[in-house]
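Below is one structure; the comments refer to it alone.
The values are calculated or read from the model by the stated rules, or taken from the named source; none is laboratory data. Values in this document were obtained by computation on a predicted structure and should not be read as measured data. Positions of Cβ are generated from backbone atoms using ideal geometry, with glycine treated the same way; all protein chains shown enter the neighbour counts.
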Amino acid sequence: MALLEIKNLHVSVAGKEILKGITLNLGSGEVHAIMGPNGSGKSTLSNVIVGREGYEVTAGNILLDGKNLLTMSADERALAGMFLAFQYPVEIPGVSTSAFLKTAINAKRRAEGLEEIDAMEFLKLIKEKIKVLDIPYEMIKRALNIGFSGGEKKRAEVLQMLLLEPRVAILDETDSGLDIDALKIVSEGVNGLRSPERAFLVITHYQRLLDYIVPDHVHVLTGGRIVASGGKDLAKELEAKGYAKYLDSAA
């Protein structure tokens, strides 16, 4: 059984069909990359998987560990092990990054029947993880994403992922706005989480991210359909030649 199964998924927004029959299986330990031009449905797919509002699933199913995600709220999906790193991370005034992270960790622990983490345990854990991402301790005292640079926002999201250890992590254009040094640091954080118990879905326009987070499978999504799949060399082909040869397949 695949860790995450997407079966013949059709999704509409305001009456317009965006996804037109997506079928995709993410096995344990696998990294899948989805590439495609703007407007192809990549972000729609990620948002629907994690339960963001505003999307109508008209057919198909999404299963996590065999459980139907479409019957769960966004919160329930997160507690079941889904994680989405947004293209544009949300800013939350008045809530420190550390308080946000501690709340998220304790919500997960409660769902697992564990005791909440205490202040000293949390401090030890957070100091261990911020070293991996080259995050200064002062940064996590600041309000979440307020005044953060693009790189800082992405580091904060990957920090959250390291702390929550999700079953399936979706990275929606995490490389957007990152310089090469930040890209390397974020990628190291992601690669540190790769394990047989976890799967990743990496959504990107550019092959450069996949130099650092090397995928097991690459899929081309255009016109709301997956029109080609292959190995990591497919990403290099797309970088060199673009999507022109695949656009007719989606029509």
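So which residues in segment 209-234 are over 16 Å from Leu24 (Cβ atoms) and within 17 Å of the chain's Cα centre (by Cα)? Those that are over 16 Å from Leu24 (Cβ atoms) and within 17 Å of the chain's Cα centre (by Cα): Leu209, Leu210, Tyr212, Ile213, Val214.
Determine whether segment 147-162 contains at least one residue that is out of contact with any helix residue (DSSP H, G or I) (no Cβ under 8 Å at 6 or more places or on another chain) and crowded, with 16+ Cβ neighbours inside 10 Å. Yes, because at least one residue in segment 147-162 is out of contact with any helix residue (DSSP H, G or I) (no Cβ under 8 Å at 6 or more places or on another chain) and crowded, with 16+ Cβ neighbours inside 10 Å. Taking segment 158-251 and the strands (runs of 3 or more DSSP E) fully enclosed by it, the elements with 1 or more residues that are at pLDDT below 90 are at 168-172, 199-204.
Just one residue in the set Glu121, Glu138, Glu115 is outside any helix (DSSP H, G or I) and not small (Gly, Ala, Ser); that residue is Glu115. Specify which of the listed residues (Lys67, Lys102) is of a type in the set (Lys, Arg) and either closer than 18 Å to Glu152 by Cα or crowded, with 17+ Cβ neighbours inside 10 Å (or both). Checking each option against the conditions leaves just Lys102.
Using the structure shown, decide if Glu188 is of a type in the set (Asp, Glu) and either exposed (fewer than 14 other Cβ atoms within 10 Å of the Cβ) or more than 21 Å from Leu162 (Cα to Cα) (or both). Taking the combined requirement at face value, the residue does not satisfy it. For beta carbons closer than 9 Å, sequence separation of 6+ or different chains, a first residue in segment 113-136 that is in contact (Cβ under 8 Å) with a residue 60 or more places away in the chain and a second that is surrounded by 16 or more Cβ atoms within 10 Å (Cβ to Cβ) and assigned to a helix (DSSP H, G or I), the qualifying pairs are Val132/Val158; Val132/Leu159; Val132/Leu162; Val132/Ile185; Val132/Gly189.
Considering segment 215-233 alone, what residues qualify as being surrounded by 15 or more Cβ atoms within 10 Å (Cβ to Cβ) and either under 19 Å from Ser187 (Cβ atoms) or free of Cβ contacts under 8 Å to residues at least 60 places away in the same chain (or both)? Scanning segment 215-233 gives Pro215, Asp216, His217, Val218, Val227, Ala228, Lys232.
Kindly check whether there is at least one residue in segment 114-124 that is surrounded by 15 or more Cβ atoms within 10 Å (Cβ to Cβ), of a type outside the set (Ser, Thr, Tyr) and farther than 30 Å from Gln207 by Cβ. Spell out the reasoning first.
First pass over segment 114-124, keeping only residues surrounded by 15 or more Cβ atoms within 10 Å (Cβ to Cβ): 117, 122.
From what is left, the residues that are of a type outside the set (Ser, Thr, Tyr) are 117, 122.
Right, trim to farther than 30 Å from Gln207 by Cβ and you get 117, 122.
Yes; the residues of segment 114-124 include at least one that is surrounded by 15 or more Cβ atoms within 10 Å (Cβ to Cβ), of a type outside the set (Ser, Thr, Tyr) and farther than 30 Å from Gln207 by Cβ.
Looking only at segment 42-63, residues that are under 11 Å from Arg77 (Cα atoms) and among the charged types (D, E, K, R) come to 1 in all. Scanning segment 55-64 for any residue that is in contact (Cβ under 8 Å) with a residue 60 or more places away in the chain, buried (at least 17 other Cβ atoms within 10 Å of the Cβ), under 18 Å from Asp172 (Cβ atoms) and among the hydrophobic types (A, V, I, L, M, F, W, C) turns up at least one such residue.
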